[in-house]
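See below for the structure under consideration.
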Amino acid sequence: MDKNFAARRRRDLIIAAVLAGLAALAPLFVKDVYVQNILILTLMYAALSQSWNILSGYCGQISLGHALYFGIGAYTTELLFTKFGVLPWFGMLGGGVIAAVIAMGLGYPFFRLRGHYFVIATIVIAEIGLLLFQNWEWAGAAMGITIPIRGDSWLKFQFLRTKLPYFYFALALCCLAWFVTWWLEDSKWGFWWRAVKDNPEAAESLGVVVFNSKMGAAAVSAFLVAIGGAFYAQFLAYIDPESVMGFQFSLLMALPAVLGGIGTLWGPVLGAAILIPMTELTRSYIGGSGRGVDLIVYGALIVAISLALPRGLVSLFSRAKPKGATR
Amino acid sequence: MGLLYGLIAVGLALIFGLMDVTNFAHGEFLMIAMYLSFFLFAFFAIDPLLSAPLVAAALFVFGAVIYLLIVRFAMRAKANAGMVQIFTTFGLAIVMRGLAQYFFTPDYRSIPHSWLGGKTISVSGIFLPEPQLVGALVSIAAFAALYFFIHRTDFGRALEATREDPGAVALVGIDKNRVFAFGWGLGAALVGLAGAIMAVFFYIYPDVGASFALIAYVTVALGGFGSVFGAFAGGIIVGLVEAVTALVLPPSLKSVGIYAVYLLVVFIRPRGLFGSM
């Protein structure tokens, strides 16, 4: 192991701990519910994007269908809760496991596809999921599910009067996703994935089982995204197929990672920290007219950032440092 | 309907398939074309059928300008070019939708009286709606023209060569940007044609493109990237599958059949039916 790399990893861990500590203190200063809401969404998208990044960034299998796993997490939790009274915590884990199993089941045929064919297949499968849920009467069809209010409790993961518990859960999820990425980056899996991304044939010839390593990445990624979906459902207390499984979620998960720096440890967090507040602010300050100005600004910024910084915002920080420590 | 999907898809096939550039704003090109044909009708009372060439010409210019102003730079990206293209064109799509909302408002619009709208024609006892029929004829003609264009003219060869190896074509004196700008213009013009015909029998609103865009991607991929004939065949298959699914399953599930067929095809043939890449 090269020394630079080990030093960088130690430094990353320290920075992450400091940032997480600072974030945990944020609610002491931020009392405004609107701002708290933005912070929660930012943390959630950072976590989702970090999870997406494991499959699409590190392993190079661009998925634009992660909304499927997000929706599965949300629906498993809420169906179990409303129909069978199973606590959301178990539903959350159950949803994660189901999503991971589905991801592997789908991976079996999907990972033979390459390039655009793979990307379109991921979009299509999420769309099929969306349509099926929209027509599934027992699961509320297009009307969705309203989560019954049972009063504030950690047990039921439901809070009406305060947003703080949601904030801390989102923060924990974000830290978990980051830590999993950090840990995997240095594991044999991390090395396999980068090899698979850069050159699958060469990786195969050196004894990396390309197929299995893609499956591993898909399972981890889907599991974490499903947990995020379960959280989102509890947070909104209402879900319908379009609002948890729509194509826009797949893009919203990918966007922070791409703008921040795809396949990097800090890209998703950085991207989410800039993108999500920007989205919310443009929506509430200039979107009120209902005339689409917020869309114009938002879209133009995406175009500008992706053109100006193809490696993502993290490239602004790493320019001064010696390049390619991880490669 | 299949042939109309085909017509939307050919434009995309040209941009996505032949030039290997991801264009997530294709549906928005369609939306712009539909609005153009609506306004030409509303202000100048030009029937959509007559204005179709005008709309196609306008879209040609629009497509070429978009390429020169934006996409050209997205293609130059050295790192993860695929993602840069996806998100640049996606951002562009959002801007176009926002602009449409700003200038045209989110209201649903339609062209009430046109030469073709609402009329049917009887072919040996089967009633066919005229707009769809004309759409089908136009799309067959467009396919034939494009097929000829790509395979029989110098420009078509230049386009293919430029995708294969931009460096080498530069050596023989072909300007990559000019070729691709022309290709983008042509792709946009084709979708403009589709938009002009569809404006007759579809509601027009800022998000209208999104619903057709995904089907267009599936159509192109089903037929296989790099093949004009593939996109044509893909369009017909998609139209048929949709019609059959609508008979068997509730109408809200009709797209499921299309998606399932796509998955089935690529699992068996990972390069699409007639794909070369």
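When B:G226 is evaluated against the numbered criteria (1) part of a helix (DSSP H, G or I); (2) surrounded by fewer than 24 Cβ atoms within 10 Å (Cβ to Cβ), which criterion, by number, is the only one it fails? All conditions are met except number (1). A:C59 is checked against (1) modelled with pLDDT of 80 or more; (2) buried (at least 18 other Cβ atoms within 10 Å of the Cβ) and fails just one. What number does that condition carry? Failing condition for A:C59: (1). Residues in the range B:192-208 that are of a type outside the set (D, E, K, R) and within 13 Å of another protein chain (Cβ to nearest Cβ): B:Y205, B:P206.
The single condition among (1) in contact (Cβ under 8 Å) with a residue 12 or more places away in the chain; (2) within 21 Å of B:F155 (Cα to Cα) that B:V65 does not meet is (1).
Among helices (runs of 4 or more DSSP H) lying entirely in the range A:152-263, which contain 2 or more residues that are more than 28 Å from A:I123 (Cα to Cα) and of a type in the set (A, V, I, L, M, F, W, C)? Don't jump to the end; show me each part of the working.
Values: elements: A:164-185, A:188-198, A:200-205, A:210-236, A:241-245, A:247-260.
Of the helices (runs of 4 or more DSSP H) lying wholly inside the range A:152-263, those with at least 2 residues that are more than 28 Å from A:I123 (Cα to Cα) and of a type in the set (A, V, I, L, M, F, W, C) span A:164-185.
For beta carbons closer than 6 Å, sequence separation of 6+ or different chains, a first residue in the range B:191-215 that is farther than 20 Å from B:A142 by Cα and a second that is in a loop (DSSP other than H, G, I, E, B) and of a type outside the set (V, I, T), the qualifying pairs are B:Y203/B:Y108; B:Y203/B:S110; B:Y205/B:Y108; B:P206/B:P106.
Can you tell me which residue within the range B:237-268, out of those that are loosely packed, with under 14 Cβ neighbours inside 10 Å and without any contact (Cβ under 8 Å) to a residue 40 or more places away in the chain, is nearest to A:L131 (Cα to Cα)?
Kept after step one, since they are loosely packed, with under 14 Cβ neighbours inside 10 Å, are these residues of the range B:237-268: B:243-244, B:247-248, B:250-252, B:264, B:268.
Going one step further and asking which of them are without any contact (Cβ under 8 Å) to a residue 40 or more places away in the chain, we end up with B:244, B:247-248, B:250-252, B:264, B:268.
Numbers: B:V244: 17, B:L247: 17, B:V248: 15, B:P250: 11, B:P251: 11, B:S252: 8, B:L264: 18, B:I268: 24 Å.
So, considering only residues that are loosely packed, with under 14 Cβ neighbours inside 10 Å and without any contact (Cβ under 8 Å) to a residue 40 or more places away in the chain, the one nearest to A:L131 (Cα to Cα) is B:S252.
Residue pairs whose Cβ atoms lie under 7 Å apart, sitting 6 or more positions apart in sequence or on different chains, and linking a residue in the range A:1-22 that is surrounded by 11 or more Cβ atoms within 10 Å (Cβ to Cβ) to a partner that is hydroxyl-bearing (S, T, Y) and at pLDDT below 80, are A:F5/A:T326. Close Cβ contacts (under 6 Å, 6 or more residues apart or on different chains) running from residues in the range A:272-300 that are within 10 Å of chain B (Cβ to nearest Cβ) and within 20 Å of B:A25 (Cα to Cα) to residues that are surrounded by 14 or more Cβ atoms within 10 Å (Cβ to Cβ) and modelled with pLDDT under 70 comprise A:V293/A:I286; A:D294/A:I286; A:D294/A:G287. When each of B:A221, B:A188, B:A231, B:A216 is tested for being within 14 Å of chain A (Cβ to nearest Cβ), assigned to a helix (DSSP H, G or I) and within 21 Å of B:I94 (Cβ to Cβ), the lone residue that passes is B:A216.
Is there a residue being surrounded by fewer than 19 Cβ atoms within 10 Å (Cβ to Cβ) and either among the acidic types (D, E) or part of a helix (DSSP H, G or I) (or both) anywhere in the range B:28-41? Yes. Restricting the range A:116-141 to residues that are facing another protein chain (nearest Cβ under 8 Å) and at pLDDT below 80, the residue that is surrounded by the most Cβ atoms within 10 Å (Cβ to Cβ) is A:H116.
The values are calculated or read from the model by the stated rules, or taken from the named source; none is laboratory data. Worth saying up front: this structure is predicted, and the values here are computed from it rather than measured. Quick reminder, even Gly has a Cβ in these numbers, built from the backbone with ideal geometry, and neighbours come from all protein chains shown.
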